[in-house]
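Following: one structure in structure tokens, then a few remarks.
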Amino acid sequence: MDHVLLQAPKKAKKRAEGANSNVFSMFEQTQIQEFKEAFTIMDQNRDGFIDKNDLRDTFAALGRLNVKQEEIDEMLKEAPGPINFTVFLTMFGEKLKGADAEETILNAFKVFDGEGKGTLKKDFLTKMLTTQADRFTPEEMEQMYSAFPPDAADNLDYKNLVHIITHGEEKDQE
């Protein structure tokens, strides 16, 4: 697969503790552009900030209609103030600092798995990967499903997929 859902930030040069750090230096230019696309998608009312209504609308667009207000409030509490693009990028930088690739990719899939089953419907995943942000081609989707075929109920075990992507081998099934 040519696409990576979320890349870890490039290693920043070691700086003295407390030195001024620029969040934009933590990422490659292409990564910043991808974050900008994600921010723009989430900033539903296009006011330059992500607020409660933007989050609710984003969840609705992803098919999650029953998001609790507390869940949205918890997300917003993670920010030091109003979430503009710089704050958004800083928050991702902090989350990704020291995060391993497996956990990062797994968390990207979990956003779409509202019930926490560890699987996603093939049709839903295909729609998401071919219509959002860095779109997969039909050929890439075919490659993915031939390498990671869905089960008889058309569910894709994304936990196993992520394990294979990050470790190169299937997880032992117990």
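The values are calculated or read from the model by the stated rules, or taken from the named source; none is laboratory data. Since the model is a prediction, treat every value here as computed from it, not as a measurement. Cβ coordinates were reconstructed from backbone atoms using ideal geometry, including for glycine residues, and neighbour counts include every protein chain displayed. These area figures cover heavy atoms from the full protein model, side chains too; ligands, DNA and RNA do not enter into them. Shrake-Rupley method; radii C 1.70, N 1.55, O 1.52, S 1.80 Å.
Points worth noting:
- Residue check: residue 80 meets all listed conditions (1) modelled with pLDDT of 90 or more; (2) over 30 Å from residue 49 (Cβ atoms); (3) in a loop (DSSP other than H, G, I, E, B) but one, namely (2).
- Condition met for residue 166 (open to solvent by 30 Å² or more (accessible area, probe 1.4 Å), modelled with pLDDT under 90, in a helix (DSSP H, G or I) and farther than 19 Å from residue 34 by Cα): yes
- Restricting the first member to region 37-60 and to residues that are outside any helix (DSSP H, G or I), and the second to residues that are of a type in the set (Phe, Trp, Tyr), the beta-carbon pairs closer than 8 Å and six or more apart or on different chains are 43/49; 48/85; 50/39; 50/88.
- Residue 93 passes every criterion in (1) open to solvent by 50 Å² or more (accessible area, probe 1.4 Å); (2) small (Gly, Ala, Ser); (3) in a helix (DSSP H, G or I) apart from (1).
- Residue 115 passes every criterion in (1) assigned to a helix (DSSP H, G or I); (2) farther than 27 Å from residue 33 by Cα; (3) open to solvent by 50 Å² or more (accessible area, probe 1.4 Å) apart from (1).
- Taken over region 124-135, the criterion of being at pLDDT below 90 and buried (at least 17 other Cβ atoms within 10 Å of the Cβ) is satisfied by 125, 128, 129.
- The single condition among (1) touching an Asp or Glu at 6+ places or on another chain (Cβ under 8 Å); (2) surrounded by 11 or more Cβ atoms within 10 Å (Cβ to Cβ); (3) farther than 27 Å from residue 45 by Cα that residue 106 does not satisfy is (1).
- Within region 136-163, the residues that satisfy the criterion of being assigned to a helix (DSSP H, G or I), open to solvent by less than 40 Å² (accessible area, probe 1.4 Å) and out of contact with any Lys or Arg (no Cβ under 9 Å at 6 or more places or on another chain) are 140, 141, 144, 161, 162.
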